[in-house]
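For reference, the structure is listed below as structure tokens.
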Amino acid sequence: MAYQYVDDTDYPRITPAVQWLIALNVAVFLLQSTVVSPADMQDALGFEVRDLMGGWWKAFSYMFVHAGFWHLALNLFTLWVFGPRVEHRWGSAGFTRFYLLCGLGGWFAHLLFFRGALLVGASAAIFGVMYAYARQWPEEEILLMGMVPVKVKWYVTALLVLNLVSGMATLGAEGGTAYFAHLGGALTAWLYLRTPSAQGLARLRDRIAQ
């Protein structure tokens with residue numbers, strides 16, 4: 001996947017919040033690979049229904065622990081592709097709040113549909129970031145497999161449909177991919193972008209940039 005800038009080539013390729021989010025996720029993964037066992041780390045930071053009574057912070061901490069290397073690598077690569085431009089427009093504080101809010105939305109969707117499964121990974125928050133990117137720059141293109149150009153709006157739409165179909169097919173199952181958490185992150189982004197405050201902030205930043 002390759003990212004193309006069109007009218008904003010001066011945007012930084014890595015931004016502070018994205019950099020810190022990547023660093024935190026990598027640090028947790030290194031800990032679970034060296035000092036703490038993966039099972040213990042997932043138990044400490046991942047979310048299960050039983051944590052509602054005494055581990056409320058896990059509604060946020062689950063975003064920073066992953067099931068394995070490829071789970072981590074795909075999430076962080078996607079964040080690196082889509083996150084910096086959104087952060088550059090909204091600012092680091094606004095982007096961080098949005099990221100955590102989308103992760104929380106994914107947690108809530110997971111709680112509604114997959115009560116028996118452990119929830120780990122940053123995917124819900126990153127689905128929110130992808131949706132925000134697609135809403136603001138729908139005509140931008142990525143290169144699938146480094147060869148096939150696809151507009152971001154169709155790429156994100158295809159991912160959402162795939163997750164919806166897969167989620168419906170596995171509804172009620174225990175374990176596996178948290179498809180509805182992904183959708184919850186994107187739905188939270190949709191709701192957020194429809195709020196007057198979010199639209200006003202984007203317009204204000206555009207005016208300042210001009």
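Some notes on this structure:
- Number of the exception - Gly167 against (1) touching a Phe, Trp or Tyr at 6+ places or on another chain (Cβ under 7 Å); (2) small (Gly, Ala, Ser); (3) at pLDDT 90 or above: (3)
- Residue list for the stretch 170-189, restricted to those being open to solvent by 50 Å² or more (accessible area, probe 1.4 Å) and modelled with pLDDT of 95 or more: Leu187
- Taking the listed residues Leu119, Leu101, Leu79, the one that is hydrophobic (A, V, I, L, M, F, W, C) and open to solvent by 10 Å² or more (accessible area, probe 1.4 Å) is Leu101, with no other qualifying.
- Some residue of the stretch 84-95 being over 17 Å from His182 (Cα atoms), at pLDDT 90 or above, among the small types (Gly, Ala, Ser) and outside any helix (DSSP H, G or I): yes
The values are calculated or read from the model by the stated rules, or taken from the named source; none is laboratory data. Worth saying up front: this structure is predicted, and the values here are computed from it rather than measured. Here Cβ is always computed from backbone atoms with ideal geometry, including for glycine, and neighbour counts include all displayed protein chains. These accessible areas exclude ligands, DNA and RNA; they are computed on the full protein's heavy atoms, side chains included. Shrake-Rupley method; radii C 1.70, N 1.55, O 1.52, S 1.80 Å.
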